[in-house]
Every structure is written in C-alpha cells, then in structure tokens.
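Right, one structure below, let's go through it.
The values are calculated or read from the model by the stated rules, or taken from the named source; none is laboratory data. Just so we're clear, the structure is a prediction, and the values are computed from it rather than from any experiment. Ideal geometry is used to build each Cβ from the backbone, glycine not excepted, and the neighbour counts take in all protein chains shown.
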Amino acid sequence: MTTSEQAVREIAAWIRDARSIVVLTGAGVSAESGLSTFRDPEEGLWSKYDPMELATIDAFNANPELVTRWYHWRFTRAIDVEPNPGHHALAQIERLKHQHDSGFTLITQNIDGLHQRGGSSNVVEIHGTILTWRCTKTGAERPLSEIEFDQFPIPSDTGGLMRPCVVWFGEQLPESAIRASFEALSDCDLFMSIGTSATVQPAASFIEVARENGARTVEINRDPTPITDEVDLTVLGPSGLVLPEIMDALRELDGSGQ
Ligand code: BV8
C-alpha cells in the first residue's frame, strides 16, 4: 500500500470517527469541472489579466466595463460546466455524517455554485456568489436570470451599476458567513483544506482556529502549500480523484457498501 493509499484510508477513518467536520474548499475543487483557478495561467482573452488585479473594487470603479465582462465570462463558464466527482463525494460524505447525527460544514471560497449543484446542502460561501448581482447604489440583489447582459457595464434601474455579489480583495466578508464559519470551526474535531493555495485571508487562517480547538487537520491539494508541512495528514493529488477514493474507503469502513 502506498503512503497516499494509507493516508486515504486513515482520512476515511478520521471522517468516520469525527463528531463535527469543517471542510474549506478553493478553486482547485472546481478545476476538474473545467474552471480555471486563480493561480493557474488563463488562456485566451483573459490571459493578459491577473485575477488578483481584476477581483477588486478599485478595478471595478476604474474600469467597470472590463470587470463586468470578466465576471460575465466567468459565470457563463460556471453555468456551462458540471459538478465533478470531487463535488459529489463531498456531498456524499455530508449525507453520511448527517445520517449519524454528526456535524458537517462546507466553507467554500468558490463563487461558482458547483457545491450546491453537486448536492452539498450546508454550504457557507465566504467569498459570495457570481450567481447573484446587486445594485451599487441601493444594494438591491437580483439573480442572474433577471439581468440582461446586453451592455457592459450594466446600469441598474436606480442610476447605479450592477456588480456581482462576490467579495473583492479589500472588502469585508459577509458577517453571516464569518459567524457561521467561526461557529463551525470552534466546534469541529476534523478540519479539511481541499483545493486551495491557503494564501487568501481570513480563510487561510481558519486552520489555526480549528487546530487551537484540538481538531485533526487534513489537506488534499494538487500542489504543496504553506500549510502542507503543518497539517496532520496531506494527500497531494487531484481532488476529483482523491475524494471519491476517500468515499470508497469510508463505505468499506462503514460496512454499508452503499
Ligand atoms: C478582508 C471572490 C478585511 C472574487 C476572492 C492579512 C494578511 C495579508 C493580507 C490580508 C490579510 N487580511 C486581509 C488581507 C487582504 C486580502 C488577502 O488575503 N490578500 C492575499 C492575497 C494576501 N484579503 C481580503 O481582502 C479579504 N477581505 O480580509 O477584509 C481586510 C481588508 C483589507 C486589509 C485587511 C483586512 C477578501 C478576500 C476575498 C477575495 N475574493 N474571490 C472572485 O472569485 O472573483 S479570493 C479568490 O482567491 C477566490 O475566492 C479563490 O478561491 C481564492 C483563493 O484562491 P484559491 O481558491 O486557493 O485558488 P488558487 O488559484 O489560489 O489555488 C488553487 C489551488 O488548487 C492551488 O493550490 C492548486 O495547487 C490547487 N489545485 C489546482 N487544481 C487542483 C488543485 N487541487 C486539487 N485538485 C485539483 N484538480
């Protein structure tokens, strides 16, 4: 058995035994659905732009047309792609834990809505969602289906502009998402960081909160990150492959064979 197979089986046992689990996901989990991550170079039109430069209120104020076009391009891709086996495995683990009356909270940095489409129910979108936009003047929110993307930027009906309900760099995270995250982190005994470079704050510090409360810590990521040497167990590999392997090992342990 290779070390990663051993780690997969051990993580499955930790999931089985956990009383309350917090999972933090990043763009790497959506990568296998075909959505580019923040740090992998983009091809085509957007290759000359740095997402870190575009995902800011200053960029929107300076060039609302460009930033609106970028988010229009991103959401058209997000609604076009499908959840991948990694999304489905996380939803299966959530269902299994809920069947055993254990806690399971999925905190995501992703704005694409793929976790919900993949079957996850308790999802905390700490960086907001691209699927809802709001007026810059009144804050009135509208779902994508009610917005005409026939001009860029998009005027709201109160003389403002429409912007995506995402959290830009330099903006505060939604109070409700922060509260839900810290509530779950303060109670969890297993914390899993999946598909994230663990560099964006305050999400990158969530692992410290969990560890201070005695939680075991796990990382599943394609590449090493700043937390790889700190976590209790790490599996370097694609989440769309590793998560279903963990779910299979969990079924074996659970003897359910479902
Ligand atoms: C805030 C929404 C108060 C928009 C995003 C403390 C210290 C230093 C800086 C700060 C700090 N506190 C605040 C800051 C500033 C800033 C920050 O963290 N800067 C960083 C760059 C240092 N934080 C903020 O501004 C936050 N606000 O704290 O308010 C404040 C404000 C100012 C100053 C102080 C306090 C708001 C941050 C939210 C920004 N919005 N997204 C949008 O999406 O367009 S963040 C954006 O980056 C996405 O959400 C993305 O998910 C996230 C993080 O990136 P990752 O998800 O990790 O994606 P990434 O590409 O980086 O990595 C992908 C990983 O997946 C890689 O490791 C790769 O190996 C792996 N991978 C790839 N393929 C696979 C895979 N893994 C598995 N399987 C695969 N197939």
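Scan the range 4-43 residue by residue and report those that are part of a helix (DSSP H, G or I), touching a strand residue (DSSP E or B) at 6+ places or on another chain (Cβ under 9 Å) and away from the ligand (no atom under 16 Å from the Cβ).
Glu10, Trp14, Ile15, Asp17
Name the single residue that is farthest from Phe152 (Cα to Cα) among those in the range 59-101 being surrounded by 14 or more Cβ atoms within 10 Å (Cβ to Cβ) and among the polar types (S, T, N, Q).
Taking the candidates together, the pick is Gln92.
Quick one: which residue in Ala203, Ala184 is assigned by TED's automatic domain parsing to the domain that holds Lys97, at pLDDT 95 or above, within 30 Å of Glu65 (Cβ to Cβ) and buried (at least 20 other Cβ atoms within 10 Å of the Cβ)?
Ala203
Determine, yes or no, whether Arg95 is in the same structural domain as Arg222 (by TED's automatic domain parsing) and assigned to a helix (DSSP H, G or I).
Yes; evaluated as a whole, the condition is true for this residue.
Being more than 22 Å from Asp17 (Cα to Cα) and touching a Phe, Trp or Tyr at 6+ places or on another chain (Cβ under 9 Å) is the filter; apply it to the range 164-193 and report the residue that is farthest from the ligand (Cβ to nearest atom).
Cys165
List every residue pair whose Cβ atoms sit under 7 Å apart, with the two residues 6 or more apart in sequence or on different chains, where the first one lies in the range 22-38 and is more than 16 Å from Thr199 (Cβ to Cβ) and the second, anywhere, is more than 9 Å from the ligand (Cβ to nearest atom) and in a loop (DSSP other than H, G, I, E, B).
Val22/Cys188; Ser33/Val81; Ser33/Glu82; Ser33/Pro83; Gly34/Val81; Leu35/Val81; Ser36/Glu42
Counting just the residues of the range 86-131 that are within 13 Å of the ligand (Cβ to nearest atom) and of a type in the set (Ser, Thr, Tyr), which one comes out nearest to the chain's Cα centre (by Cα)?
Among them, the one singled out is Thr108.
Report, by residue number, each residue of the range 194-215 that is within 16 Å of the ligand (Cβ to nearest atom), farther than 11 Å from Thr25 by Cα and of a type outside the set (Phe, Trp, Tyr).
Thr199, Val200, Gln201, Pro202, Ser205, Ile207, Glu208, Val209
Can you list residue pairs whose Cβ atoms sit under 6 Å apart, with the first residue in the range 231-251 being near the ligand (Cβ under 9 Å from one of its atoms) and the second being part of a strand (DSSP E or B)? Count only pairs 6 or more apart in sequence or on different chains.
Ser239/Ile194; Ser239/Ile220; Val242/Ile220; Val242/Val235
Out of the residues in the range 52-85 meeting the condition of being outside any helix (DSSP H, G or I) and not charged (D, E, K, R), tell me which one is farthest from the ligand (Cβ to nearest atom).
Checked the range 52-85; the qualifying residue farthest from the ligand (Cβ to nearest atom) is Asn63.
In the range 162-172, how many residues are in contact (Cβ under 8 Å) with a residue 12 or more places away in the chain and surrounded by fewer than 17 Cβ atoms within 10 Å (Cβ to Cβ)?
So the answer is 3.
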